[in-house]
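Here's the structure we're looking at; comments come further down.
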Amino acid sequence: MIVIPAIDLKGGHCVRLSQGRKNSAKVYDEDPAAVARNFAESGATMLHVVDLDAAFGDNNSANRSSLANILRAVKVPIQFGGGVRTADDVRRLLDAGVNRVVLGTIAVESTARLVELVDEFGSRICVAIDACNGQVLVHGWETATGLEAPALAKRVAAIGVNRIIYTDTARDGMLTGPNLEQTIAVARESQLKVTVSGGLSSLDDVKSIRDAQEPLVDSVIVGKALYEGRFSFEEARQLCEC
């Protein structure tokens with residue numbers, strides 16, 4: 001299992017939200033590229049970067065500048081999401097050096113478009129399933145769809161997506177532990193590789209995911225716990241290498 005540090009961008013800064021609430025942003029660093037370098041130097045094999053402003057439909061020019069700086073600063077593969085809607089969006093990101101593009105809203109609202117993107121970009125596309133009480137949310141987690149997360153997972157698997165990032169939005173940024181049970185349900189329903197996200201608070205949380213020994217759950221995104229000093233990236237990485 002690999003540990004993937006998160007870098008969430010808002011106004012060009014590195015921030016974290018609580019439960020995805022737009023007005024809950026806490027700035028942790030004004031230089032996201034420096035944060036990325038630190039993670040890369042600590043042995044990260046991938047970084048998860050999110051454009052929060054784009055996800056909320058706000059001006060994101062500062063975040064795109066920060067993304068460019070991150071891509072110049074590190075050679076570590078970048079997984080990037082937030083407000084990606086079209087093939088041109090995906091193409092620009094891949095051309096800029098992003099390794100994998102994360103789609104969320106589009107996977108719910110336009111199956112046909114998702115099919116086109118997967119056909120064109122293959123494994124460089126993955127789908128974020130963000131859910132509260134098992135119900136999928138879209139548009140920066142502000143709109144409930146009434147769609148169950150496992151059902152969406154099965155739908156995107158049939159399209160040809162080969163990875164899902166599952167986030168329990170009620171836990172994200174709250175340091176209350178991941179929803180491992182629901183994550184495993186999504187993995188087993190879809191039979192896709194799934195990345196756990198949301199709520200990681202301690203090394204015990206990382207260990208619980210590792211010890212579940214669910215082969216489809218092969219990675220975990222960690223954000224606020226790292227920024228709040230609950231544990232270091234090196235500690236989490238070493239735990240998962242045991």
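The values are calculated or read from the model by the stated rules, or taken from the named source; none is laboratory data. Owing to the predicted nature of the structure, the values given are computational and were not obtained by experimental measurement. Please note: Cβ atoms are built from the backbone with ideal geometry, for glycine as well, and neighbour counts cover all protein chains shown.
For every residue, the table says whether it meets (1) under 19 Å from Ser232 (Cα atoms); (2) among the small types (Gly, Ala, Ser); (3) free of Cβ contacts under 8 Å to residues at least 40 places away in the same chain; (4) not in a helix (DSSP H, G or I).
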position: Pro5; (1), (2), (3), (4): yes, no, no, yes
position: Ser18; (1), (2), (3), (4): no, yes, no, yes
position: Val27; (1), (2), (3), (4): yes, no, yes, yes
position: Phe39; (1), (2), (3), (4): yes, no, no, no
position: Val50; (1), (2), (3), (4): no, no, no, yes
position: Ser65; (1), (2), (3), (4): no, yes, no, no
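Within the stretch 78-104, the set of residues being over 18 Å from Val196 (Cβ atoms) and not in a helix (DSSP H, G or I) comprises Ile78, Phe80, Gly82, Gly83, Val84, Arg85, Thr86, Gly97, Val98, Asn99, Val101, Leu103. For the stretch 211-221, filtering for residues that are in contact with a helix residue (DSSP H, G or I) (Cβ under 6 Å, 6 or more places away or on another chain) and within 14 Å of Ile4 (Cα to Cα) leaves 2. Considering the stretch 52-63, and only residues there that are at negative phi and touching a residue at least 60 places away in the same chain (Cβ under 8 Å), the residue that is surrounded by the fewest Cβ atoms within 10 Å (Cβ to Cβ) turns out to be Phe56. Please work out if Ala107 is under 26 Å from Ala170 (Cα atoms), over 14 Å from the mean Cα position of the chain (by Cα) and part of a helix (DSSP H, G or I). Against the criterion (under 26 Å from Ala170 (Cα atoms), over 14 Å from the mean Cα position of the chain (by Cα) and part of a helix (DSSP H, G or I)), Ala107 qualifies. Within the option set Arg72, Arg37, Arg100, Arg92, being within 17 Å of the chain's Cα centre (by Cα), at pLDDT 90 or above and surrounded by fewer than 21 Cβ atoms within 10 Å (Cβ to Cβ) holds for one residue only, Arg100.
Yes/no matrix, rows are residues, columns are (1) touching a helix residue (DSSP H, G or I) at 6+ places or on another chain (Cβ under 6 Å); (2) in a strand (DSSP E or B); (3) over 21 Å from Arg21 (Cβ atoms):
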residue	(1), (2), (3)
Glu120	no, no, yes
Cys126	no, yes, yes
Ile129	yes, yes, no
Val136	yes, yes, no
Gly140	yes, no, no
Ala144	no, yes, no
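Take the stretch 11-23 and flag every residue that is farther than 17 Å from Gly57 by Cβ and modelled with pLDDT under 90. Listed by number, the residues that qualify are Arg16, Ser18, Gln19.
Only residues that are over 18 Å from Phe80 (Cβ atoms) and touching a Leu at 6+ places or on another chain (Cβ under 9 Å) were counted in the stretch 29-42, giving 0.
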